[in-house]
Amino acid sequence: MARWRKRLHEIIFEADTAAGKAFDVALLLAILLSVLTVVLESVPSIRARHGDELLAIEWFFTILFTIEYVLRLICVRKPLGYALSLWGIIDLLAFLPTYLTPVGSYVGTGVVFRSLRLLRVFRIFKLSHLVQDASALAHAVKASAGKIVVFLTFILTVIVILGAAMHLIEGAEAGFTSIPTGMYWAVVTLTTVGYGDIAPQTVAGQIVASIVMILGYSLIVVPAGIVTVEVARGKPLTTQVCPACSREGHDLDAKHCKYCGEQL
């Protein structure tokens with residue numbers, strides 16, 4: 001890789017240098033301002049008064065994100081691999097909808113085009129590039145996947161049992177016309193949402209409902225606790241991005257990419 005491309009890669013994809021941090025801060029501000037523009041544009045009164053100004057700002061950010069996307073493709077060794085990756089697609093969605101929408105469509109020429117412009121909100125997902133611990137959190141969730149599956153299986157089993165029990169206890173007179181209806185009530189109650197569209201009428205049903213509510217508060221903290229333990233166990237990760245495969249999440253002392261073996 002040429003020296004200038006390597007330097008460009010360090011600035012755009014990494015945040016452990018002064019230039020990289022400055023680029024990340026500038027990108028963060030651009031993303032926040034562009035999302036604010038989208039939000040303001042959706043307000044009819046603001047759009048009526050400042051539509052032209054918002055459109056000009058929108059095109060400014062569109063061109064800015066287009067340049068950023070092209071630079072990302074230039075400084076990686078496998079541009080197609082990056083373009084087809086999750087972050088590459090999100091980066092593309094950051095500016096593509098504006099090019100696909102006719103100029104001035106926001107003033108009322110069609111609901112379809114206005115809906116298409118809403119895809120620009122995908123820009124906010126680019127903020128994940130700037131969170132230093134995003135990779136560590138992703139690895140923690142991945143490491144916790146087995147435990148979370150077991151937990152969800154237990155919850156689903158409890159929901160089926162509760163649905164059958166409430167259908168048996170309350171019956172159709174109280175609105176529990178079937179086991180699926182009872183399961184719906186169990187989900188709403190267990191998650192502490194409590195719509196109130198279906199409620200137990202008998203003493204036995206109310207006792208079961210009370211137990212479910214208390215159980216719901218107890219279960220909320222379980223997934224968070226599982227992930228927290230894995231985060232605590234995890235090693236600190238660097239912000240370096242592999243110039244070959246564009247993957248991140250490497251150890252601080254890593255000299256080569258853990259996924260493709262390329263030198264970092």
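Read the figures in this text as sums done on the coordinates, not as results from a lab. Note that the structure is predicted; figures quoted are calculated from it, not measured.
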Please work out the C-alpha center-to-center distance from the stretch 181-221 to the stretch 1-77 and express it in whole Å.
47
Taking only the alpha carbons of the stretch 143-233, what extent do you get along each of the three principal axes, in Å, biggest first?
52, 19, 18
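Pairs LYS6/LYS142; LYS6/LYS258; LYS21/LYS255; LYS21/LYS142; LYS78/LYS255: which are spaced more than 25 Å apart, C-alpha to C-alpha? Mind dumping the intermediate values first?
On the way: LYS6/LYS142 31 Å; LYS6/LYS258 19 Å; LYS21/LYS255 21 Å; LYS21/LYS142 28 Å; LYS78/LYS255 20 Å.
Where the Cα-Cα span goes over 25 Å, the pairs concerned are LYS6/LYS142; LYS21/LYS142.
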